[in-house]
Amino acid sequence: APVTGVLKRKRSLKQPAGAAIPLFRWNTAMPVQGEEVEAQQVEQGVPVSAADVQELENLLKSHKIDTSAFGVGAAKSLHHLHWELHKVGECSLEESKGGKLLRVVEMVRVRMVADIFGEPKVCMSYLEVRHDGRQKQRALLPVRKVCKGDTWQSALEAACVERLGLTSEEIQSNLFIDEAQRSVREEVQVSQGYPGLETRYRVHEVPVRVVEPSHDTMGKIGLPEGRDFAVLEGKLGTANIGAHLRLFSWAPTTFMPSLDKDSTKQAAEAPKKERVVRVELPKVDPVQVRSEFVAPNSHLVARVSNMKTDWDRA
């Protein structure tokens with residue numbers, strides 16, 4: 001199960017890319033010796049052989065896709081692509097009518113909105129740490145791929161469980177999923193994870209509302225105060241492809257220009273429990289002070305009227 005934690009240090013979503021984030025310290029990873037890819041690319045005990053990876057690389061090169069940038073910087077490796085294709089079924093490779101090789105991905109994007117101090121805020125991740133320690137800073141809504149055999153509904157629940165650390169019971173009792181406002185779009189673009197490999201994305205974006213942010217179980221996602229929180233999915237290490245550490249924040253719904261305002265408004269107006277409404281305090285006339293002096297205690301005044309104060313001693 002994912003491990004969640006609330007961060008005590010507030011981190012701004014507007015912090016420039018590449019800025020140091022003094023939250024974690026990463027030690028040097030264990031070195032990989034030569035071509036022993038089987039030892040470093042094991043996910044839950046299932047090895048990825050060098051022959052399988054070489055076969056995938058040959059397929060890509062036969063379609064004039066340069067794989068030299070795979071695994072460099074923030075890009076994913078060939079081993080990761082093989083794992084997505086054959087281990088978890090997160091994507092597929094298809095050949096278009098023109099003979100171009102396309103990576104096909106279907107995903108669900110969760111636009112989770114909660115009222116925080118009377119203002120709607122949307123949950124977004126701002127830092128992702130991959131299994132091998134590489135970091136990627138970007139503002140994203142929680143997202144999960146629709147794996148082979150899944151539906152978008154099951155992928156949505158899995159996103160809330162795996163990405164945000166919620167349980168199925170917490171999802172059913174405290175989240176309003178606005179299926180009527182779900183939007184679906186398709187686009188083809190070069191993948192950031194696999195440079196040079198064009199990908200056709202089919203994206204389901206679903207508005208979700210936190211019904212009762214002050215509920216005890218919502219503390220794991222930083223509510224009701226809107227604190228940053230972290231979710232560890234899996235166990236980080238060079239052998240654990242698919243493990244991630246993600247840091248989340250609650251941002252204004254206007255933070256991302258791509259957010260559809262009408263859909264966000266629909267989520268904000270979804271059925272919810274009674275909320276506290278701020279009211280303006282009544283105006284009070286200033287206290288009138290009498291000009292003449294009136295002793296608050298005549299007996300006390302009579303006893304101290306002839307006494308002198310030693311100010312130096314005081």
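Bear in mind that the values in this text are calculations on the coordinates, not laboratory data. If you're wondering where the values come from, they're calculated on a predicted model, not measured in any experiment.
Side notes on the structure shown:
- Flagged links, alpha-carbon separation over 31 Å, of Lys61/Lys87; Lys87/Lys121; Lys97/Lys235: Lys87/Lys121; Lys97/Lys235
- The Kirkwood hydrodynamic radius of the range 84-180, based on inverse pair distances between different Cα atoms, is 15.6 Å.
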